[in-house]
Each structure stands twice: as structure tokens, then as C-alpha cells.
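Below: the structure, in C-alpha cells.
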Amino acid sequence: MSETKWVVSLLRHGEVHNPERVLYGRLPGYHLSELGERQAELAAAWLAARDIGVIVSSPLERAQQTAKPLADALGLPVRIDERLIEADNYLQGRQVAGGKGLLSDARNWRYFGNPLRPSWGEPYREVALRVLAAARAAGEEAGEREAVCVTHQLPIVAARRYAEGKRLAHDPRKRQCALASVTTLTFLAGEVVRVDYAEPAGATPRGGVAGA
């Protein structure tokens, strides 16, 4: 592979309307809240100053809604890539209440046998590899310009930790991935050589978002 340089930003979607605090995962019908729409606009304004040539999105509604302001600003289409979808989770649809509700319900205990994999859903490694593959495809498509992939919190964190050679098992409370944040991967010859992070929509309060 030649020493080709790609710059791909992983944009997390904005806040989702979720008054019942459900772990929504891949469930349909979960869209951005009014705040989430504003966060998407702030991220779009920040990214629009860059030389973006390709926009790719997770198929889920909240990600496509987050991609739209940027696509409108730049006059670009949004391509859908299934590899950017939220991590599969056997607990989706449950009320999480900051995680306490999951642990107090005995029906869920069978899913907590191996938190390193994790046993409650799609393995971290599989998530990381599919997201990085999608990012490489977007980077190759963009060529000398930059690409943006709109996706979700865990997919971004898993991809970043894998690229940085860190353990994939981690404490979700310590993730650096705010709502509408931008994690930028610089690839050289197909490998990540640099990671940058920005919060154009501001920080997300810890524990303030369920199911994201």
C-alpha cells in the first residue's frame, strides 16, 4: 500500500429524545431532541470550515439527522454504511436509569458474565474493526480531501481504543466522546497514526444521556 494519507472524522450524533431513559441501541424511532438538532448544527458549522469531500452515516435515524446540517452546508450527499451502526446490545429496550436499573433486574444478570468481551452484546473488537473499515473506505473515497463518518459513542470509542493499541474493555463512565463530538483519525498507508478530539457542541454532563 502506498503512503497515502487520509483524514477521517468520526462524528457522534447529537442528543436523542428519550424521556423514558431507554437503552435504545438499534431500535427504530429514536430521533434527535431539540438540543440534539442544535448540537448537530454546531458540529456542522465547525466541520464546514474543513475540506470535506465525503459524508457517510450510520443507517440509524439519529445519525442521519446529525449528518444533514453538514451535508446541506456543503452540498454533499450522505452515503449510508451499515458498518457505522450502533453496537448490538441484548439489553436494548430496557430502562437504564444511569445503569442502576440494569443491575437491579435479575433477568439481566446472565448477560454480565464477561464484561471484557462484553457478554451483553457485540464484541468490542468486532465493533472496532467494522468502524475502522468504514473509515478507511470513506478516506479512500475522499482521496486528498477529508471524510466524515457519523456514528455512535461505543463504535467511536472502540475504534479509537483499537487504533491506539489500548485495551478494548473500559469504564463507560470515562469515555471521551461527548454528544456531537469529533474524533479525527489520520491514516497513513491505511493505519491510524494520529487521533485528535474536539467538542464543537460542548461537553456532555456525566450520566446525562441514557442509551447513547
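Laid out as a table, the results:
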read-out: Any pair with Cβ under 6 angstrom, 6 or more apart, that starts in segment 36-54 at a residue that is of a type in the set (Asp, Glu) and ends at one that is in a helix (DSSP H, G or I); value: GLU41/PRO69
read-out: Test for GLY165: is it small (Gly, Ala, Ser) and in contact (Cβ under 8 Å) with a residue 40 or more places away in the chain; value: no
read-out: For LEU74: the one exception among (1) closer than 15 Å to ALA142 by Cβ; (2) open to solvent by less than 40 Å² (accessible area, probe 1.4 Å); value: (2)
read-out: Options ALA178, ALA138; residue that is farther than 12 Å from VAL8 by Cα and aliphatic (A, V, I, L, M); value: ALA178
read-out: Any hit, segment 27-39, residues being within 23 Å of GLU146 (Cβ to Cβ) and touching a Leu at 6+ places or on another chain (Cβ under 8 Å); value: yes
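One line per residue, one yes/no per condition, for (1) in contact (Cβ under 8 Å) with a residue 24 or more places away in the chain; (2) outside any strand (DSSP E or B); (3) surrounded by fewer than 24 Cβ atoms within 10 Å (Cβ to Cβ):
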| position | (1), (2), (3) |
| --- | --- |
| GLU126 | no, yes, yes |
| LEU129 | yes, yes, yes |
| LEU132 | yes, yes, no |
| GLU140 | yes, yes, yes |
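The values are calculated or read from the model by the stated rules, or taken from the named source; none is laboratory data. In this text, all values refer to a predicted model and were calculated from it rather than measured experimentally. Neighbour counts run over all protein chains shown; Cβ positions are idealised from the backbone, glycine included. Only protein heavy atoms, including side chains, enter the accessible area calculation; ligands, DNA and RNA are left aside. Shrake-Rupley method; radii C 1.70, N 1.55, O 1.52, S 1.80 Å.
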